[in-house]
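The values are calculated or read from the model by the stated rules, or taken from the named source; none is laboratory data. None of the values given here were measured: they were computed from a predicted structure. Cβ placement follows ideal geometry from the backbone for every residue including glycine, while neighbour counts extend to all protein chains displayed.
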Amino acid sequence: MKKIILVSRNICSNITFSRYKSDSVRVRFAPSPTGYLHLGGLRTALYNFLFAKKYNGKFILRIEDTDQTRIVKGATDQIIKDLEWAGIEVDEGPSMGGSHGPYRQAQRLEIYRNQVEVLLKNGSAYHCFCTDKRLQLLRKEAVRAQEIPKYDNKCRHLSSEDVMTRLKRGDPSCIRFKISDQEESFDDLVYGQISYNISLNEGDPVIVKSDGYPTYHFANIVDDHFMNVSHVLRGVEWQISTTKHLLLYRAFNWNPPKFAHLPLLMNADGTKLSKRQGDVKISYYRENGIFPLALLNFIVHSGGGFSKDLQRHVKPKCYTVNELAEQNKY
Ligand code: GLU
């Protein structure tokens, strides 16, 4: 078997979690079934699971399957099996249900439909009738002028009569969220204070597509709210989206969860660990006779900041899941 060396910024030593009340912790792993579970995904699931375990909280599995064009057949079942094999126990999810279900986004469309109405009514969202052709032209024009290609928010300014007429006529439309032109900040539990003004780089984002399906950003925050998620622990690639999510929380007048972004697992040469590499698929380890607990220890060993002997590479022992949960210093 090819030897993989992984590196990552030390997570736990940077984290400044305060103590949490038992039972108040609810975390989730929210994969999109666009491929099989790989090491990076397993690591996100593992840190969420250990965090829930440490605080007697709940670990939720939510399948984010709203992008119907990218779904890989059988991926959801395989993700569920891979987590089971790894010993990561789910408290609420598609297989066992729970009090905050359903746990597949494609089964929650009515919830999104109701919630988008709230934003349309309070003026935070609007119907957009711009055609693909217009959007493409805008993009081309921006590239030609060496500007950042972004939507120009044209449909923000349509009168309500105009909107009604077009909707009645059956013109295809999507729904966009009005983002404000200001810097948003939040305290990332791993990275510290993060500030970003998203309107500098993008126009009003689509939250419901013309096929009626919500986009990731919208479905994700609606679900985190209704599933009572207390902490969002996810890959750092999502950090840039968090200020957008905070604007959405504000538009609903909801309290956001706390956010901790996990540095990416990388190959030792600094290149991104990719799903396309067969040897980071969880099934690869299973098929090659790797014990699940050994794999979990290997993951926390890669920049996890767990116990000293793991950090110093002094005869590392294989910790049980309970020991790992206890060792995290959150
Ligand atoms: N569905 C997203 C993913 O594929 C979830 C990101 C998040 O945890 O918010 O990673």
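Out of the residues in segment 286-330 that are modelled with pLDDT of 85 or more and among the polar types (S, T, N, Q), which is farthest from His261 (Cα to Cα)?
My answer is Asn288.
Among helices (runs of 4 or more DSSP H) lying entirely in segment 30-149, which contain 2 or more residues that are under 21 Å from the mean Cα position of the chain (by Cα) and within 16 Å of the ligand (Cβ to nearest atom)?
Values: elements: 39-54, 75-86, 109-121, 132-144.
Result: 39-54, 75-86.
Does Val208 meet the test of being aliphatic (A, V, I, L, M), closer than 30 Å to Gln327 by Cα and in contact with a helix residue (DSSP H, G or I) (Cβ under 8 Å, 6 or more places away or on another chain)?
Against the criterion (aliphatic (A, V, I, L, M), closer than 30 Å to Gln327 by Cα and in contact with a helix residue (DSSP H, G or I) (Cβ under 8 Å, 6 or more places away or on another chain)), Val208 does not qualify.
Only one residue in Ser180, Ser195, Ser185 is part of a loop (DSSP other than H, G, I, E, B), of a type in the set (Ser, Thr, Tyr) and surrounded by fewer than 19 Cβ atoms within 10 Å (Cβ to Cβ). Which one?
Ser180
Could you please find all residues in segment 222-241 being in a helix (DSSP H, G or I), buried (at least 16 other Cβ atoms within 10 Å of the Cβ) and more than 9 Å from the ligand (Cβ to nearest atom)?
Val222, Asp223, His225, Val236, Gln239
Answer yes or no: is there a residue in segment 160-167 that is surrounded by 17 or more Cβ atoms within 10 Å (Cβ to Cβ) and in a loop (DSSP other than H, G, I, E, B).
The answer is no; no qualifying residue exists.
Answer yes if at least one residue in segment 265-277 is modelled with pLDDT of 95 or more, more than 13 Å from the ligand (Cβ to nearest atom) and either more than 20 Å from Phe59 (Cα to Cα) or hydroxyl-bearing (Ser, Thr, Tyr) (or both), and no otherwise.
Within segment 265-277, none of the residues are modelled with pLDDT of 95 or more, more than 13 Å from the ligand (Cβ to nearest atom) and either more than 20 Å from Phe59 (Cα to Cα) or hydroxyl-bearing (Ser, Thr, Tyr) (or both).
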